[in-house]
Structure formats: structure tokens, C-alpha cells
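Note sheet for the following structure.
The values are calculated or read from the model by the stated rules, or taken from the named source; none is laboratory data. All values derive from a computational prediction rather than experimental measurement. Cβ placement follows ideal geometry from the backbone for every residue including glycine, while neighbour counts extend to all protein chains displayed. The area values use the complete protein model at the heavy-atom level, side chains included, leaving out ligands, DNA and RNA. Shrake-Rupley method; radii C 1.70, N 1.55, O 1.52, S 1.80 Å.
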Amino acid sequence: MAEFKLRLQLQGDVEKTVRVNRDEFVVGRLPVCDLHLPFLEISRHHSRFVKTEIGTWLIEDLGSTNGTRLNEKLILSPQPIKDGDVVHLGSIYLKIMLAEHSQQNEVGIKLPTQEIKTYGNAKELQERWIEADNSKEDETNYQTAISRLKDLVDIAKNLNSAVSIEAIFSQVKQIVFRNLPCIERLALLVDVQGSGKLQVLNAAVKDISEQLELTMDANWISRTICQKVFTEKVAIKTADAQTDERFDQQQSISDKGIRSALAVPVWDNNLVVGVLYADACIHFNPWSQGGDEDLSFFSALGNIVASAVQRWRLIHKLRSEEAIRQRLERYHSPGVVQHIMAEGVLEEGRLKPIEADISVLFADLVGFTALSQRLSPRQIAQLLNSLFEEMLKEIFAAGGTLDKFIGDCIMAFFGAPKPQSDHADRALRAAKRMLYRLDRLNACRTFCEPLQLRIAINSGKAIVGDVGSSQRVDYTVLGTTINLASRMQHICLPGECVVSEATFARLARKQGLVEMKHYRFKGINQPVLIYQTKRLSNKTLSSKSSHLKSSHLLTVVPSRTYHSSQDNQR
């Protein structure tokens with residue numbers, strides 16, 4: 001059986017040899033084609049080779065935009081092919097290789113040698129580059145070197161005042177496109193967070209008409225090349241990535257049509273902070289056996305840019321930390337905020353959701369509906385702002401975290417993000433101090449009329465962390481523990497605090513609480529034993545006992561007051 005191979009050629013240079021391994025072999029721009037040619041001049045399904053019943057081969061154009069030529073003649077119908085024929089698809093040539101000449105033709109094919117260079121600092125790079133071109137034997141090369149050196153000096157001066165990444169990149173792209181005419185696209189990738197993850201901060205294309213498409217889609221960049229440069233600290237130059245043995249296993253390079261490319265590390269002393277990347281979709285012959293001066297120039301530019309990029313990273317980090325600190329201060333006490341920032345528990349500015357044992361507190365304003373009918377909206381807002389400001393002092397003083405304000409209700413929790421083994425005691429202490437502080441504020445007639453709170457506390461496991469979208473994130477708690485605490489508010493007397501049996505069991509100091517009854521709550525499978533503070537007199541408790549009667553009551557048990565050991569001795 002005759003063996004059929006295609007030898008790909010571009011601009012007269014041998015590219016690679018492909019074996020035709022099926023009776024119908026499609027050539028086109030789509031990755032699903034048998035021979036994938038990712039170039040704009042190639043149609044999605046450009047042409048195909050078809051094997052006949054007698055073992056000969058035909059070539060057929062599939063309605064391509066630029067047509068298919070066989071031996072320089074445009075084909076309008078399926079045409080037979082023979083060994084040595086040349087198929088022309090745009091600027092790509094496919095040479096037909098049949099069995100009798102396949103072995104002979106492959107002998108002597110040598111791919112251009114591709115080089116990997118590892119460099120140290122900017123001074124070493126510049127010295128090598130200048131040494132390579134510091135001869136007046138070739139006046140053109142000498143003048144080019146002088147011109148490039150002036151550009152490097154100029155950009156080194158100008159970058160000292162550049163604070164935005166846009167300003168930095170704007171100067172870089174002008175120099176690159178002026179000094180490296182073969183480059184079509186340029187990108188600056190930076191490890192913004194210092195996590196080893198490169199982000200594309202800016203990109204440019206020589207053809208302005210393609211800038212919008214390039215900016216919106218960064219998929220054209222070879223992550224393979226960039227990651228190799230970043231992790232291995234090497235500078236890469238390739239005349240044709242399609243035939244470069246280093247990238248044989250990288251389908252993405254073939255898919256993106258990357259041919260000539262330069263990529264260098266952006267150094268800051270011994271730290272690589274990013275990658276400067278440039279490429280083109282054409283084969284650049286001078287880089288096949290040379291082009292070191294271009295790589296050295298590009299590397300020197302990367303080193304000069306590094307100081308400006310590092311300065312931008314530091315400014316970005318400080319601004320990000322300040323924004324994070326301001327957001328954290330909405331929820332946490334200053335001490336907790338300091339702990340979070342110092343311990344480095346943030347991931348990309350967020351507190352990762354975790355499971356934690358916490359105590360959650362709900363404090364609800366009594367009679368708010370009636371109050372809102374008597375006061376104007378402005379007066380309601382002023383009243384709530386004043387009340388929340390005062391109550392939050394006690395929550396933060398006990399090491400608590402504000403979750404949110406829900407209308408007239410305060411939701412807070414204890415035990416996270418900084419673990420607190422005594423979170424139940426802290427929650428109860430905060431609740432008692434909130435009620436006491438409100439008594440004093442009422443006595444001083446701080447508000448337009450006396451106010452009362454109902455406070456409920458429950459303890460248990462919950463999910464704690466930042467939850468939300470990319471536009472809005474809230475630090476919050478989720479789970480059944482929170483649901484129960486929210487429902488417990490409704491069985492609490494005005495001016496008192498109720499705690500669940502789970503919270504009661506965690507308390508180191510249980511004095512000042514009276515056992516109430518078992519209650520069943522919506523969404524909670526088991527009845528819950530509730531305890532309450534005893535701030536009001538027994539007479540007042542008795543007169544308001546009707547408030548607690550509901551269909552939720554399962555079992556009534558005698559009230560028992562828990563005293564400290566000193567109280568028992570007395």
C-alpha cells in the first residue's frame with residue numbers, strides 16, 4: 001500500500017512532515033481538522049485529500065475563501081495528485097510525498113536550532129548585547145545598537161515617574177514595536193499577589209484595528225512559554241514555536257498559531273515579578289540561527305521595567321490592604337482586624353469560608369413597627385444609627401464580630417475569625433452589657449422615647465467566611481445554629497436575653513439565668529430547652545408570662561435559678 005505524507009513549507013523553509021493516515025484527510029483552520037493550520041488565510045474547512053478505490057489520491061477544495069492551488073493552478077474540481085506535486089494554501093505549501101520517495105526525502109531534514117538563554121541582571125544583559133554589536137564593521141548594526149541603548153536610557157528615566165501599569169506599558173510597547181519590527185503582539189504578565197499566578201495586566205497589538213479584540217481576549221498568549229520563563233527564570237527566543245522541539249507536546253501553541261516569540265523574566269534583584277511576552281504569527285528566519293541581540297535587548301528592557309512594576313505592586317498591595325482593612329473594620333473589632341492582617345489568613349483579600357464553633361447573637365428592637373409609624377423616616381434613621389453605635393461598642397468590647405444590621409435587628413457572633421474558647425461567655429457578657437447600657441441611655445433620655453431590646457443567643461457549628469459575588473462580598477455565618485438563634489428572639493421578654501441549652505452548656509459562668517421551658521421551633525427537629533436572664537422582678541415576669549404561651553410549648557418545667565457558688569453559700 002502506498003504511503004502518503006505531506007511536507008509543510010512556509011516561505012521556503014521546511015516546517016514538518018505529516019503522515020496522511022486516513023482515506024479522507026481534511027485540512028483547515030479548525031482544531032478538529034486532520035491537519036490543523038491556525039492561520040487567518042486558511043478557511044475553517046479549506047481542502048481535503050480523498051483516496052480512490054484504485055488507491056490513487058485526489059485533492060478537492062471545500063469552498064475555501066482563498067482557494068486551493070495545485071502546482072500553481074487554481075483547482076475548481078477534484079484533481080489527481082502524484083509524488084512531488086505542490087499544493088498551495090495561502091502562503092503555506094504542502095509538498096506531496098508518496099511511498100517511493102518518502103524515505104529519501106526525509107533524509108537530511110534539519111529543524112532550526114532553537115535556543116534557551118538564562119541571564120542574570122540587567123547590567124550583564126546589556127553588556128552582552130552591546131559587545132555583540134559594538135563593531136563598526138556593520139554600520140547598520142552599530143547604529144541600531146546605539147538607538148536601542150538611547151531608548152533604554154530614556155525609558156529608565158521616564159519609568160521613575162510612572163505609577164500606573166498603563167503608563168508603564170505604554171512606554172514599553174512604543175520601544176518594542178519600534179525596535180523589533182517582527183513583533184505583532186505584546187503583553188505584560190505580573191504576579192500581582194506574589195502567589196506565583198501570572199495575570200495579564202496589559203496587552204497591545206501593532207495593528208490598532210485588532211486592539212479591542214486583543215484586549216478582550218487574552219487567550220492568544222502562550223501560557224506554556226510564560227510559565228516556563230517565570231518558574232525556570234530563563235529567557236526564551238523561538239523562530240517558530242510550531243517546529244520547536246521544546247513545545248512538541250503543547251497543542252495550545254499550535255492552536256494559537258504562535259510562530260516567532262520572545263519571552264523574558266521581569267526581574268527585581270533576585271525576584272521574578274512577571275514576564276514580558278511578545279510574539280508573531282509568522283516565521284522569523286533571522287532567529288533560526290541568530291537574533292541574540294534582539295533577545296538581549298528584550299531582556300534588558302524587562303529588567304528596567306521590573307523596578308517600575310515592583311513599585312506598582314507595592315502601591316497596589318498597600319491600597320488593597322487598606323481597602324481590606326476598611327472592609328474588615330465594618331465587621332470586626334480593631335484587635336480582630338489586626339490579627340487577621342498579621343496572620344495572613346486572607347486569600348486574595350477574602351476570608352475563606354470554614355466550619356467553626358461559634359455563638360451567634362440577635363438583638364431586636366421591641367415595638368419597632370409602632371415606633372416607625374410615630375416617627376418620620378429621618379427620625380427613624382437617626383434613632384437606629386444612635387442605637388446601633390452604642391450597642392456595637394459592647395459587642396466589640398467582648399471581642400465579637402458584627403455580621404449585619406437587619407432592619408432594626410443586630411446580628412453578631414463570637415468565636416470567629418479568631419477562635420475563642422469562651423465565645424459563649426463573651427456573647428452573654430455582651431448581651432448583658434447591651435441591656436445595661438440601654439437602661440442608662442433611657443435614664444438619660446438619649447432617645448426620643450425609651451427603647452427595649454430582645455436578645456437571643458445560640459451556640460454550635462456554623463460556616464464562617466466571605467460569601468458573595470465578585471461585585472459584593474459579606475463576611476457572614478450560615479447554618480442551623482443561626483436559624484435557631486433568629487427564631488428564639490420571639491420567645492424573649494422585652495429587656496431580657498434568652499440562651500439555648502447549647503449555649504448554656506458552654507458557659508463557664510451560669511449564674512443569673514433561669515430555666516424556662518422546652519420549645520419547638522420551625523425547621524428544628526428537636527425541642528430546645530431555653531434559659532433566660534432574670535433582670536426583671538418575679539412579679540414582672542409573672543405578669544408577662546402570657547407573652548411566652550404559644551403552640552410551640554412542649555413541656556413546662558419549674559423555673560430554676562442558677563447562682564454562683566458564693567450565692568449558694570449565702
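A simple count of charges around L201, restricted to other residues whose Cβ falls under 11 Å of its Cβ and scoring Lys, Arg +1 and Asp, Glu -1, yields -1.
Between the range 453-498 and the range 169-202, what's the alpha-carbon centroid distance in Å? Between the Cα centres of the range 453-498 and the range 169-202 lies a distance of 48 Å. Modelled label positions at A397 and S91, each set 7 Å beyond Cα in the direction of Cβ, lie 7.7 nm from each other. The apolar share of the surface of the range 413-516, taken as the fraction of accessible area on carbon and sulfur atoms (1.4 Å probe, ligands and nucleic acids excluded), comes to 49 percent. Length available on full extension from E41 to T17: 0.36 nm per residue minus the Cα-Cα distance, which gives 6.6 nm. Which of rounded, prolate or oblate describes the range 374-427 when judged by the alpha-carbon gyration tensor and an a/c cut-off of 1.5? Because a/c hits 1.5 or more and a/b exceeds b/c, the range 374-427 counts as prolate.
Kindly identify the range 397-451 as rounded, prolate or oblate by the Cα gyration tensor criterion: order the square roots of the eigenvalues as a ≥ b ≥ c, call it rounded if a/c is under 1.5, otherwise compare a/b with b/c, prolate if a/b is larger, else oblate.
Judged from the Cα gyration tensor, the range 397-451 comes out oblate (a/c at least 1.5, b/c at or above a/b).
Taking each residue as 0.36 nm, the span from E166 to R440 lengthens on full extension beyond its C-alpha to C-alpha distance by 93.0 nm.
Between K534 and Q489, the modelled labels are 2.8 nm apart [label points 7 Å from Cα along Cα→Cβ]. Protection proxy ranking of 225-234, 452-461, 51-60, by the mean of other Cβ atoms within 10 Å over each peptide's residues and highest first, is 452-461, 225-234, 51-60. Modelled this way, with points 7 Å down the Cα-to-C-beta line, the labels at T231 and F405 are 5.0 nm from one another. Taking every C-alpha pair closer than 8 Å and separated by at least 6 residues, the mean separation divided by the residue count of the range 347-449 gives a relative contact order of 32 percent.
In terms of the Cα gyration tensor, with a ≥ b ≥ c the square roots of its eigenvalues, is the range 430-522 rounded because a/c is under 1.5, prolate because a/b exceeds b/c, or oblate?
oblate
Can you figure out the FRET efficiency of V473 with I315, using R₀ = 25 Å and their beta-carbon distance, to the nearest 0.05?
E(calc), rounded to 0.05, equals 0.65.
Peptides 311-322, 165-176, 293-304, 391-402 ranked from most to least packed give 293-304, 391-402, 165-176, 311-322, packing being the mean of other C-beta atoms within 10 angstrom over each peptide's residues.
For the residue pairs K197/K461; K173/K233; K157/K197, the C-alpha atoms sit more than 27 angstrom apart in K197/K461; K157/K197.
The residues of the range 443-538 have, on average, 46 Å² of accessible surface per residue, using a 1.4 Å probe with all protein chains present.
Multiplying the residue separation of S77 and I354 by 0.36 nm and removing their Cα-Cα distance gives an extension gain of 93.0 nm.
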